[in-house]
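The values are calculated or read from the model by the stated rules, or taken from the named source; none is laboratory data. Quantities reported herein were computed from a predicted structural model and do not represent experimental measurements. Every residue, glycine as well, gets a Cβ built from its backbone with ideal geometry; the counts of neighbours run over all protein chains shown. Surface areas here come from the heavy atoms of the whole protein model, side chains and all, with no ligands, DNA or RNA. Shrake-Rupley method; radii C 1.70, N 1.55, O 1.52, S 1.80 Å.
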Amino acid sequence: ELRLATRLKHPHLLDCYSSEVGFEDEEDEEEKYLGLAMEPATESLSQYLAKRETLPLQEVRNIIGQIASALVFLHRQNIVHRDLKPENILRVGEVWKLADFGISRVLTQGTSTKTTQQIGTPIYQPPESYQGEIRPGWDVWSLGILLQQMLTGSHPFSANTITGPQLMMKVMMQEPEFSEGLLDDVLTILKGCLVKNPKDRWTAQQVLDAVQPRRETVPSIDQLDLSSERPGINYYELRVLLAAKQWEDADLETAARMCEVMGRAENGWLRREDIERFPCKDLKIIDTLWVHYSQGEFGFSVQKKIWLKCGSPTSYNDDWLRFGKRVEWREGGEWMGYRIVIQNGRQASLPLGHVGKIQGSSCPFVGLAGASATVSSLLSRKNL
């Protein structure tokens with residue numbers, strides 16, 4: 001478990017830094033203990049639910065999406081967690097992360113394996129677990145149980161009122177009982193997760209796609225080269241910040257790296273001619289990272305589509321005002337401050353720090369009203 005935990009790195013897996021082996025008594029090596037250094041979490045999903053009982057649909061979609069993305073990562077490496085439950089989902093800041101790999105299983109051959117041990121948490125175990133079969137679908141079944149619990153506080157097999165043997169019979173023989181009032185798209189996900197035959201059950205990727213539909217075609221970044229066209233510059237820190245959905249820090253990092261690429265780090269802002277000469281490779285890296293980690297919400301290419309629909313304005317005119325409103329930089333007839341735009345975090349509003357001047361931890365505009373030439377120079381690039 002220690003070795004597995006420390007080598008798995010994903011934005012929605014609890015980060016485990018290192019494992020340690022020590023001894024209570026230096027002269028008696030049999031009295032050893034094992035330790036794991038992990039990032040601190042504020043609470044578990046179990047504790048969070050205990051205070052609220054049920055959660056709003058949008059919040060549930062967000063949580064399910066984050067955990068599903070972690071499962072996609074694990075399953076691609078043939079790892080089955082096997083103990084997905086609220087106690088093992090921890091909150092780090094505003095991000096939910098999957099933890100505890102104590103009974104995880106690595107499928108060394110094929111897509112399934114057998115076990116003679118009945119371990120796990122009964123109310124989250126799928127039918128095949130009672131037959132000693134381990135597949136990635138085990139985790140998807142658990143995710144379906146969790147989905148209904150967060151929305152309604154109930155279990156699809158009345159697990160709160162029946163004993164272990166009764167639960168096993170229901171899970172093996174009966175169809176799940178879905179709460180009334182659930183939306184059709186939620187029922188579709190539940191039915192996909194709770195198919196008894198694991199070969200026909202949804203995958204974690206299908207769950208992720210269902211709860212977080214992609215508004216844009218999200219490019220793959222598994223093999224993306226994050227090194228700049230300029231020697232000594234890269235976008236690894238930007239990827240880390242975007243993966244953690246730290247939008248403001250990511251926006252500042254974007255602006256800083258863009259200025260560094262064009263030799264404008266001391267100035268802290270870019271001129272129109274800098275934008276026109278900005279390397280194509282770097283522009284594509286930045287846009288790909290923003291579009292990918294925001295699920296199509298943010299990115300230069302997202303802004304460009306709106307800019308084109310607004311008449312491709314290149315100067316301060318009615319089209320530019322309409323564009324500013326569409327990307328949520330204007331409200332009530334006024335240009336908004338940087339902090340307000342960041343806090344709102346609406347579609348296509350980011351990135352935008354490249355048109356401002358970086359000063360410490362803030363990035364106020366040098367005047368969005370007058371930034372039309374700089375922004376239009378960027379959005380008119382053919383490689384977006």
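Mind telling me which of the residues G153, G192, G144 ends up being within 24 Å of L98 (Cβ to Cβ), loosely packed, with under 15 Cβ neighbours inside 10 Å and at pLDDT 85 or above?
Details: G192 fails: loosely packed, with under 15 Cβ neighbours inside 10 Å; G144 fails: loosely packed, with under 15 Cβ neighbours inside 10 Å.
Criteria check complete, one pass: G153.
Okay, residues lined up against (1) part of a loop (DSSP other than H, G, I, E, B); (2) within 14 Å of S372 (Cβ to Cβ); (3) modelled with pLDDT of 90 or more; (4) in contact with a Leu (Cβ under 8 Å, 6 or more places away or on another chain):
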site: G268; (1), (2), (3), (4): yes, no, no, no
site: L283; (1), (2), (3), (4): no, no, yes, yes
site: L289; (1), (2), (3), (4): no, no, yes, yes
site: P313; (1), (2), (3), (4): yes, yes, no, no
site: W320; (1), (2), (3), (4): no, yes, no, no
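Mind listing just one residue for me: the one in the range 325-352 that is outside any loop (DSSP other than H, G, I, E, B) and at pLDDT 85 or above and, of those, most open to solvent (accessible area, probe 1.4 Å)?
In the first step, residues of the range 325-352 are kept if they are outside any loop (DSSP other than H, G, I, E, B); the result is 325-326, 330-331, 334-335, 338-344.
Imposing the further condition that a residue be at pLDDT 85 or above reduces the set to 325-326.
Details: K325: 142, R326: 113 Å².
Top of the filtered list is K325.
Of the residues contained in the range 212-223, none is found to be assigned to a helix (DSSP H, G or I), at pLDDT below 90 and under 27 Å from S372 (Cβ atoms). Within the range 236-248, can one find any residue that is surrounded by fewer than 19 Cβ atoms within 10 Å (Cβ to Cβ), touching a residue at least 12 places away in the same chain (Cβ under 8 Å), farther than 24 Å from R346 by Cα and not aliphatic (A, V, I, L, M)? For the range 236-248, residues surrounded by fewer than 19 Cβ atoms within 10 Å (Cβ to Cβ), touching a residue at least 12 places away in the same chain (Cβ under 8 Å), farther than 24 Å from R346 by Cα and not aliphatic (A, V, I, L, M): absent. Take R264 and decide whether it is under 23 Å from K382 (Cα atoms) and either crowded, with 21+ Cβ neighbours inside 10 Å or modelled with pLDDT of 85 or more (or both). Against the criterion (under 23 Å from K382 (Cα atoms) and either crowded, with 21+ Cβ neighbours inside 10 Å or modelled with pLDDT of 85 or more (or both)), R264 does not qualify.
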